[in-house]
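A short worksheet on the structure shown next.
The values are calculated or read from the model by the stated rules, or taken from the named source; none is laboratory data. Worth saying up front: this structure is predicted, and the values here are computed from it rather than measured. Heads up, the Cβs are rebuilt from the backbone with ideal geometry, glycines too, and the neighbour counts pull from every protein chain shown. Keep in mind that these areas ignore ligands, DNA and RNA; they rest on the heavy atoms of the full protein, side chains included. Shrake-Rupley method; radii C 1.70, N 1.55, O 1.52, S 1.80 Å.
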Amino acid sequence: MKIVAVHSVKGGVGKTTTATNLAAAAARDDSRVLLWDLDPQAGATWLLGADGDPTPSSANPKDLRKGKKGAQRPPVREVVIGEGEARRAVVATEHGFDVLPADASNRHLEVALAAAKRTRKRLAEAVSPLAKHYDLVVLDSPPSSSALAASVIRAADLVVLPVPPAGLALRSVEQVRMLLEESKHPPALLAFLTMVDRRKAEHREAVAELPRSIPEMADVVVPSSVAVERMGTQRAPVFAVAPRSPAALAYLRVWDVARLRLAPQVRSKYH
Ligand SMILES: Nc1ncnc2c1ncn2[C@@H]1O[C@H](COP(=O)(O)OP(=O)(O)OP(=O)(O)O)[C@@H](O)[C@H]1O
Ligand SMILES: [Mg+2]
């Protein structure tokens, strides 16, 4: 099982959009995929219709699948600090992968992790029993550089960083690089440009320059796209909204590059 964390210290850069589309792209390869929504804003949970009363996943234990009396999904906060089983919290989506949805307890993850012993290792420990059930776990994390971010980075094999081509683009790559360097086992980093509008000179310059000057930056550009905006109204990955759109094709390429960056470890953990 491989773990890909979509992370940035910046908000609103396309992390949830990316996490959702990467999970959907990987599921198209017949991989067993779980998207874990760690953000209290619950954007991925909402996009995937996993709020309310979602369908149990086949990865759930039998009592939950059959809706037996007393069988309950544990709050995410308990799962993260090792007091609840991750598998019991997952639900199915219509898009070929499962989601571990955010709930009200996601607001307390930072505090719970900061108070726990072995903060950094907690998430990795919570995820590892899922290896029997999934080939890939995608973590959608909130924008931060604190306890949850450290735990996400410790768990990840690869950190994926979406970068809008604004003036602060370089800075956001440096900030995530620094976070990774603080980790004892730094994961690989894959940055890519997103929300690119080629009518703007500044965006065209970024597309020409940044992949050359930033070694972690993939040569893939996700355009600013109406298809991506419609993910919010149709509540589905871009492949369900507009499968042949330039944005959908770009996200397939992001997944291709991610898979390649995971490749050195692939043989042992991912198949
Ligand atoms: N390529 C794109 N084209 C057009 N709109 C986009 C694109 N990518 C993301 N967006 C829009 O930008 C907004 C922010 O995206 P998203 O929620 O994925 O960012 P985020 O980094 O997860 O935000 P947060 O930090 O709040 O969790 C959303 O409304 C989304 O639809
Ligand atoms: Mg988000």
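General observations
- Checking each residue in region 185-203 for being crowded, with 23+ Cβ neighbours inside 10 Å, over 15 Å from the mean Cα position of the chain (by Cα) and of a type outside the set (Val, Ile, Thr) picks out only 193.
Quick grid of which residues meet (1) buried (at least 22 other Cβ atoms within 10 Å of the Cβ); (2) of a type in the set (Asp, Glu); (3) within 13 Å of ligand 2 (Cβ to nearest atom):
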residue	(1), (2), (3)
6	yes, no, yes
13	yes, no, yes
16	yes, no, yes
29	no, yes, no
35	yes, no, yes
55	no, no, no
63	no, yes, no
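- Within region 151-174, the set of residues being away from ligand 1 (no atom under 16 Å from the Cβ) and crowded, with 21+ Cβ neighbours inside 10 Å comprises 151, 153, 154, 155, 156, 157.
- Just one of (1) open to solvent by 30 Å² or more (accessible area, probe 1.4 Å); (2) part of a strand (DSSP E or B); (3) touching a residue at least 60 places away in the same chain (Cβ under 8 Å); (4) among the hydrophobic types (A, V, I, L, M, F, W, C) fails for residue 252. It is (2).
- Residues within region 77-94 that are under 16 Å from residue 124 (Cβ atoms), out of contact with any Pro (no Cβ under 8 Å at 6 or more places or on another chain) and outside any loop (DSSP other than H, G, I, E, B), tallied: 2
- Qualifying residue in region 125-140 (condition: over 19 Å from the mean Cα position of the chain (by Cα), open to solvent by less than 30 Å² (accessible area, probe 1.4 Å), on the phi < 0 side of the Ramachandran plot and away from ligand 2 (no atom under 16 Å from the Cβ)): no
- When region 98-124 is filtered for residues that are surrounded by fewer than 22 Cβ atoms within 10 Å (Cβ to Cβ), among the polar types (S, T, N, Q) and closer than 24 Å to residue 23 by Cβ, only 105 remains.
- Lone unmet requirement of (1) under 13 Å from residue 138 (Cβ atoms); (2) open to solvent by 50 Å² or more (accessible area, probe 1.4 Å); (3) within 16 Å of ligand 2 (Cβ to nearest atom) for residue 21: (2)
- Extreme residue, nearest to residue 97 (Cα to Cα), among residues of region 40-49 that are within 16 Å of ligand 2 (Cβ to nearest atom) and surrounded by fewer than 24 Cβ atoms within 10 Å (Cβ to Cβ): 46
- Scanning region 222-234 for residues that are over 29 Å from residue 54 (Cβ atoms) and either among the aliphatic types (A, V, I, L, M) or open to solvent by 10 Å² or more (accessible area, probe 1.4 Å) (or both) turns up at least one hit.
- Output for region 29-42, where each listed residue is in contact with a Leu (Cβ under 8 Å, 6 or more places away or on another chain) and either within 9 Å of ligand 1 (Cβ to nearest atom) or of a type outside the set (Phe, Trp, Tyr) (or both): 31, 32, 33, 34, 35, 37, 38, 40
- Members of region 9-20 that are more than 7 Å from ligand 1 (Cβ to nearest atom) and within 9 Å of the chain's Cα centre (by Cα): 19, 20
- Being open to solvent by 10 Å² or more (accessible area, probe 1.4 Å) and out of contact with any helix residue (DSSP H, G or I) (no Cβ under 7 Å at 6 or more places or on another chain) is a description that does not apply to residue 216.
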